[in-house]
Protein chains: 2
Amino acid sequence: MNKDIGWELYRSFLGVMQEGSLSAAARALGSTQPTIGRHIAELERVLNITLFIRTQGGLTPTDAANALLLPASEMANIAAAMERVTSRHGDDIQGTVRVTTSDVIGIEILPTIFADIAERFPNIHLELALSDKVQDLLSREADIAIRMFRPKQTQLIARRIGNIGVGFFAHTCYLTKHGTPSTLADLEAHRLIGFDRLTDYIRSVAKKLPFPLEKDSFVLRTDSNVAQLALIRAGAGIGLCQIGLAERDKSLVRLLAEDFCFEMDTWVTMHEDLRKSPACKTVFRELVAGLQGYVY
Amino acid sequence: MNKDIGWELYRSFLGVMQEGSLSAAARALGSTQPTIGRHIAELERVLNITLFIRTQGGLTPTDAANALLLPASEMANIAAAMERVTSRHGDDIQGTVRVTTSDVIGIEILPTIFADIAERFPNIHLELALSDKVQDLLSREADIAIRMFRPKQTQLIARRIGNIGVGFFAHTCYLTKHGTPSTLADLEAHRLIGFDRLTDYIRSVAKKLPFPLEKDSFVLRTDSNVAQLALIRAGAGIGLCQIGLAERDKSLVRLLAEDFCFEMDTWVTMHEDLRKSPACKTVFRELVAGLQGYVY
DNA sequence: GAGTGGCTATACATTTTTGTATGAATAAAG
DNA sequence: CTTTATTCATACAAAAATGTATAGCCACTC
């Protein structure tokens, strides 16, 4: 039963899946193309299955290979987490801590907090991963996550920060050209900046509007909140933005403040195993403190 | 940042953690003691940390090593899952499926169902893991789980089987010697067979009894339901048992059937990824069908 | 107190794995 | 059509990892 497959083979496999060719994988893994090629060949031999169709431009994964991609990535996540774990063993506050959050928070809010942490705890190395994936913590892709909902898993320590308000904003340039909407219904005639995919978040927002919100309602669509903010700043239209964020920019105007408000519950979460790590505990505490200054 | 630690090193590390010595790990992994020793030494070198204290009787793990044990086990689970995944690729019903459930179910109920599946689908290889851990499915320790509660994770497919009734039972031998209790309160004076640790399950049972249930209330304690059943069969005392199970044995008598009944919600669950695997789908379906015959 | 069985650590030969160099084939760009 | 830059596959040499054998240590047992 036990085929005793060396884990190195999976590492090479993942490299090829991610890079698309033996050569590229070899570069990424700091190995050479013949070596990776042999690893794949051996993996195919022991699993008795064809993983890739060799083409001149690289390797094309088969269905079987695609089925292995997810578990192989998980292995990689865990391996990366293990490196982090060891770096922070000891009683002093040091080591690498990996934080994940949405792109806006990561780009607009965290930098100052990170800078502060880096200043006061020079031995803590911080990593920032921007992603909205829920699974991040459980699959060890990060040590600490800042999310807009309360985590359900009991293995996670969660600390509520408070509500982040979201409102409609537009640049003054846009408003002078296109006028200022005075009711929610007016919005329908404006250039709206919104999301590409309909997420839970955007569905909740839609409920508060007097007109149906479809994909086509948005003139400009992007899933990146940062890009949305950039579009608003560029005067491209009216969009949703976190209030605390938008108010930093004097030329952005809050619209329909009385009629529309949307609040996002904000939580900082961490795997309970990490309580023992002084570095993680410190970053967790500092993040909570730093974010509490931002939330009102 | 990236230390490029070979995954083979983690495999050897896990072997040493599980076996307790380099030599034993070498045997388990099909390698040799010097090789494993070198792997551990290299892992300690690249992580720059002491993982084991060498003693004459083997290696003693340090705190750092203990912190790495969990992730290393997860890697092993995933690696094992990958071997299973590949074995069942293709359109025909074949491959290895790993099922986990509690010990009673696994020992008393599943064997006949397994025998039936094995008969009708000779190309399916079945594995059975007895454990009560909730995490089993998510950490890929098994493909299908039979559990006494509805799973909360959305990534899991769950099918409710129904209620399994639990009641008090005793062997006729015991009753002739010690008498038959006629009320729940009478139980307190009897030799009760129960659990070593207070789990949620036993706490729910306790609520239905007229006297407080402490650890000391049980004369005979074991966490294994199978062992409890064996004790009941041996006439050692009065204990809880699944009704359908106990009734197979003519010399076991149901006690206080009117006064006490406890029902366990039974679910068969599977990772949603596995829907594509004909083998997993088949076993899932057969388990549901087979268990429905057992539940009333 | 000699013997036995467990362990780790080390020296050395061997095997295995890896890297270098090269060839062949394809695709895009001049 | 040629050049250039990819890719994978193969041959051979170099390097690295492994296995064998052995020594040393400790705890038990007889």
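Assorted remarks:
- Comparing B:Leu209, B:Leu240, B:Leu156 in a Gaussian network model of chain B (Cα springs below 10 Å), the most mobile by mean-square fluctuation is B:Leu209.
- For the range B:1-107, the Cβ-based charge dipole about the Cα centre amounts to some 260 debye (Lys, Arg positive; Asp, Glu negative; other atoms uncharged).
- FRET efficiency, 1/(1 + (r/R0)^6) with R0 30 Å, evaluated for B:Phe211 and B:Ile107 via beta carbons: 0.45
- Whole-Hz couplings from phi, Karplus 6.51/-1.76/1.60, listed for the range B:31-46; x for Gly and Pro: 10, 10, 4, x, 4, 4, x, 5, 4, 4, 4, 5, 4, 5, 5, 5
- Inter-copy spacing of B:Ala118 label points, which lie 7 Å from Cα along Cα→Cβ, given in nm from shortest upward: 6.1
- Nm distances between copies for A:Glu263, ranked from closest, using label points 7 Å along Cα→Cβ: 4.0
- Its Cα centre serving as origin, the protein assembly as shown has a Cβ charge dipole (Lys and Arg +1, Asp and Glu -1) of approximately 20 debye.
- The protein assembly as shown - share of DSSP beta bridges that are antiparallel (%, nearest 5): 65 percent
- Loop-located trypsin sites (Lys or Arg not before Pro) in the range A:209-296 whose Cβ has at most 12 other Cβ within 10 Å (DSSP): A:Arg248, A:Lys250
- Solvent-free Debye scattering, log10 I(q)/I(0), computed from the Cα coordinates of chain A at q = 0.08, 0.11, 0.14, 0.16 Å⁻¹: -0.49, -0.83, -1.07, -1.17
- Restricting the trypsin sites (Lys or Arg not before Pro) of the range A:97-170 to loop positions (DSSP other than H, G, I, E, B) with no more than 16 neighbouring Cβ atoms within 10 Å leaves A:Lys133, A:Lys152.
- Label-to-label distance, A:Lys276 versus A:Ser204, with points set 7 angstrom from Cα along the beta-carbon direction: 3.5 nm.
- For a label point 7 Å along the Cα-to-beta-carbon line of A:Val288, residues of the range A:90-114 with backbone N under 18 Å: A:98-100, A:113-114
- Percent antiparallel among DSSP beta bridges (both partners in chain A, rounded to 5): 65 percent
- The charge dipole of chain A, taken about the Cα centre with unit charges on the Cβ atoms of Lys, Arg (+1) and Asp, Glu (-1), comes to about 60 debye, rounded to the nearest 20.
- Shape category assigned to the range B:7-79 from the gyration tensor of Cα positions, a/c cut at 1.5: rounded
- For B:Ser182 and B:Arg150, the FRET efficiency from 1/(1 + (r/R0)^6), where r spans their Cβ atoms and R0 equals 35 Å, is about 0.45.
- Rotational relation A to B, axis-closest Cβ in chain A, residue and distance rounded to whole Å: A:Trp7, 2
- Inter-copy label distances at B:Arg285, using a point 7 Å along Cα-to-Cβ, come to 5.7 nm with the shortest given first.
- Rounded if a/c under 1.5, otherwise prolate or oblate - the range A:164-264, Cα gyration tensor axes: rounded
- The range A:230-296: GluC sites (Glu not before Pro) in DSSP coil with no more than 10 other Cβ atoms inside 10 Å: A:Glu258
Just so you know, all these numbers are worked out from the coordinates, no wet-lab data involved. Keep in mind it's a predicted model, so treat the numbers as computed, not measured. Virtual Cβ from ideal backbone geometry, glycine too; neighbours counted across all protein chains shown.
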